[in-house]
Amino acid sequence: MKKYASFKIAIVAGLGLATMGLASSASAEMASGQVLANTCFSCHGPAGHSVGAMPSLAGKDGEAIKFLLEGYRSGNLKGTVMNRIAKGYSTGEIEALAGYFSSQAK
Amino acid sequence: MSKKNISRRTFNQLLGAAGAATAVGLAAPSVMAAGKGRVVVIGGGFGGATAANYLKQFDPSLDVTMIEPNKTFVTCPFSNTVIGGLNDISFITQSFDGLRARGVNVVHDMVTMIDAAKKEVTLSSGKTIYFDRCIVSPGIDFKYEAIEGNSAALAETMPHAWKAGPQTSLLRKQLEAMPNGGTFLISPPPNPFRCPPGPGERISLVANYFKQHKPKSKIIVLDPKQKFSKQGLFKEGWAKLYPGMIDYRHQSDDGVVLRVDGDKKTLYTDFGEVTGDVVNLIPAQKAGKIAAIAGLTNDQGWCPINQQTFESTIHKNIHVIGDASVSTPMPKSGFAASTQAKICAGAVVAMLKGEAPGTPKFANTCYSLVSADYGISVAMVYGFADGHITKIKGSGGLSPTGASDSFRKQEANYAEGWYKSITKDIWG
């Protein structure tokens, strides 16, 4: 999952240069992996360490997380709420999420 | 006063003014970044506690003070399981020890004023606390006056139970004391209000209790609205689990309550009156009291904000999150308040450093229990476009109608899983 992380850093750095001195609304169009992941913690636990029935995501294989989220998004995989959630994320965002969770300690 | 004292004081004042002038004259952000940022968070609920927690996670050097009058926080989410007898009140009671361990200065006091110009909050103890930025998460207050005869005093004996704690326990006690064959009379509030699917869940879990312990009892609902959240799913569940027990009267079925008589336990509508053995009148709502006192509210009683940073559009340097804020199209839910708090905390950390705040992106999922083994949900993913929080097209929606028992059971398990994870995430 290293490649996602470095990809993200490259984007952020690039945007930082491009938007320097511009209004805040012109900042990064895509939220960072951390910001995207923050909302997942409400069900999947702090930093992806689930306390209850939802699966933990921290330290899981990034490719597997990507496969699951894309499967829920396309409908190839049937979940309960995750089909409805996954449809709200782009491929880039799914990769950033996979990058974030796979880089967390189990 | 001696001359020496005066001159020293004047000297200090001049120094202060000069310091401020220098900060303004030079690049302000870099000056602020060098200092230790001071953030005051008002409220220790889903919004406030998350904000305090994540401020320290994002920038451990910040000086974060959270002010909350109660020694523990009793959550509205899952309070219906206490009212329905599935859980004890201790299950929904959260401690602030986790926040203290993170380095948050937790102060148990009441904020009596927020001075936007002086950037300070005043506590009921008389103490004042300075802030660089303030995050206000005051929850809701009630418009008792909207229904004739209703009052905060009446709620002491006829609980709304729409703020969890003693109100929750009182309603539970009344249901336990009610005879088999009695009537539970409930009136949900008009829009907008905290936890849109909450009344449906309360009706469900009271029905679940009656079915098991007082099967001759009835539930009458007087709803001033024509439709309610997850209506199709709730009514499907009620027909299956509690046939004939729930008499739901909408706006067009004379469901609008105009007057209450507490002594007679009676609610009066346009054309009739209904008496209950236990009455649960949930009042119309507005932002929590301190928001109005601090002049953060609009004429509807809610707090308008910049939806990227949650900074008030009325007072600079003060942010409002959660139920009190105008965060449409997000619902007034604990999940929404918590996820907003993280975006707001990120924005506050960035703004204190003179950096641009990030782009919000968040989700909300609201689980409801129709019974202990029967869960339903509604979800949505939100982005940010043209200055507003927007629903991501194609995402979100309700659990399917006609789903299998195992699907409902799984969502009931996830409801509890959600509660355990989010409370751990917030209060530690």
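Here, each number is a calculation from the coordinates, and none is a lab measurement. In this text, all values refer to a predicted model and were calculated from it rather than measured experimentally. Backbone-built Cβ (ideal geometry, glycine too); neighbour counts: all protein chains shown.
Could you please state, rounded to a whole Å, how far the C-alpha centre of the range B:173-221 is from the C-alpha centre of the range B:281-321?
If you average the Cα positions of each part, the centres end up 31 Å apart.
Could you list which residues have their amide H under 5 Å from that of residue B:87, counting only those 5 or more apart in sequence or on another chain, with H placed in the peptide plane?
Here the answer is B:82, since their amide H atoms fall under 5 Å of that of residue B:87.
Across the Cα atoms of the range B:144-284, what radius of gyration and what greatest pairwise Cα-Cα distance (Dmax) are found, in Å?
13.9, 38
For the charge dipole of the range B:144-284, defined by +1 on Lys and Arg C-beta atoms and -1 on Asp and Glu C-beta atoms about the Cα centroid, which residue among B:284, B:267, B:177 has the Cα displaced farthest towards the positive pole?
B:177
Would you grab the residues whose amide H sits under 5 Å from the one on residue B:363? Only those 5+ places off in sequence or on another chain, please, with H modelled 1.01 Å from N.
Here the answer is B:382, since their amide H atoms fall under 5 Å of that of residue B:363.
What are the ³J(HN,Hα) couplings of the range B:287-298, residue after residue, when phi is run through the Karplus curve with 6.51, -1.76, 1.60 and θ = phi - 60°? Round to Hz, x for glycine and proline.
Taking θ as phi minus 60°, the curve returns 4, x, 3, 4, 4, 6, 4, 7, x, 9, 9, 8 Hz for the range B:287-298.
If packing is taken as the average number of other Cβ atoms within 10 Å across a peptide's residues, how do B:336-348, B:147-159, B:195-207 rank, most packed first? If you can, show how the numbers build up before the last one.
On the way: B:336-348: 28.7, B:147-159: 16.8, B:195-207: 24.9.
Highest mean packing first, the order is B:336-348, B:195-207, B:147-159.
Distance check, please: which entries in B:361/B:409; A:106/B:36; B:163/B:225; B:332/B:424; B:216/B:420; A:60/B:420 exceed 26 angstrom between their Cα atoms?
On the way: B:361/B:409 30 Å; A:106/B:36 33 Å; B:163/B:225 21 Å; B:332/B:424 20 Å; B:216/B:420 34 Å; A:60/B:420 21 Å.
Beyond 26 Å: B:361/B:409; A:106/B:36; B:216/B:420.
Once the Cβ-Cβ distance between residue B:293 and residue B:266 is put in as r, and R0 is 35 Å, what FRET efficiency do you end up with, to the nearest 0.05? Kindly include the intermediate steps, with their values, before the conclusion.
Details: r = 34 Å, r/R0 = 0.98.
Taking R0 as 35 Å, the efficiency between residue B:293 and residue B:266 is 0.55.
Highest first, please rank the peptides B:211-220, B:352-361, B:131-140 by the mean number of other Cβ atoms sitting within 10 Å of their residues.
For the peptides B:211-220, B:352-361, B:131-140, the packing ranking is B:131-140, B:352-361, B:211-220.
Averaged across B:414-420, how many Cβ atoms of other chains sit within 10 Å of each residue's Cβ atom? Display every interim value, and only then the final one.
Numbers: counts 7, 2, 3, 9, 9, 4, 7.
Neighbouring Cβ atoms belonging to other protein chains average 6 per residue here.
Quick check on the protein assembly as shown: of the DSSP beta bridges with both residues there, what percent are antiparallel, nearest 5%? Can you show the working numbers first?
Values: 37 of 66 bridges.
That works out to approximately 55 percent antiparallel.
In chain B, what percentage of the DSSP-assigned beta bridges are antiparallel, given to the nearest 5? It would help to have the intermediate numbers written out before the result.
Working: 37 of 66 bridges.
Bridges in chain B are about 55 percent antiparallel.
Taking only Cα atoms and a 10 Å spring cutoff, compute GNM fluctuations for chain B and point out the largest among B:386, B:261, B:373.
B:386
Take each of the peptides A:47-58, B:89-100, average the number of other beta-carbon atoms within 10 Å over its residues, and list them starting from the highest.
Put in order of decreasing packing, that is A:47-58, B:89-100.
Other chains near A:49-58: what is the mean number of their Cβ atoms within 10 Å of each residue's Cβ?
On the way: counts 3, 5, 10, 12, 11, 6, 1, 1, 0, 0.
For this peptide, the per-residue mean of nearby foreign Cβ atoms is 5.
Multiplying the sequence separation of residue B:91 and residue B:117 by 0.36 nm and subtracting their Cα-Cα distance, what value in nm do you get? Can you show the working numbers first?
Numbers: separation 26, 0.36 × 26 = 9.36 nm, distance 4.14 nm.
That works out to 5.2 nm of additional length.
Over the range B:144-284, what is the mean sequence separation of C-alpha contacts under 8 Å (at least six apart), divided by residue count, expressed as relative contact order in percent? List each step's numbers first, then the result.
Numbers: 243 pairs, mean separation 48.7, N = 141.
With pairs under 8 Å counted, the relative contact order is 35 percent.
Only Lys, Arg, Asp and Glu count, each charged at its Cβ (+1, +1, -1, -1), so figure out the dipole size of the range B:213-342 about its Cα centre, rounded to 20 debye.
Values: 17 positive and 13 negative charges, 87 e Å.
Approximately 420 debye in magnitude.
Summarise the partner chain shielding of A:74-85 as one whole number: the mean count of Cβ atoms from other chains within 10 Å of each residue's Cβ. Working shown, then result.
Working: counts 0, 0, 0, 0, 1, 2, 14, 14, 2, 3, 13, 9.
For this peptide, the per-residue mean of nearby foreign Cβ atoms is 5.
Residue by residue through the range B:120-136, what is 3J(HN,Hα) from phi via Karplus (6.51 cos²θ - 1.76 cosθ + 1.60, θ = phi - 60°)? Round to whole Hz and write x for glycine and proline.
With coefficients 6.51, -1.76 and 1.60, one gets 8, 9, 10, 9, 5, 6, x, 5, 10, 10, 7, 9, 7, 9, 10, 10, 10 Hz.
Given the options B:288, B:375, B:262, which has the most mean-square fluctuation in a GNM of chain B, springs set between C-alpha atoms less than 10 angstrom apart?
The residue with the greatest mean-square fluctuation here is B:262.
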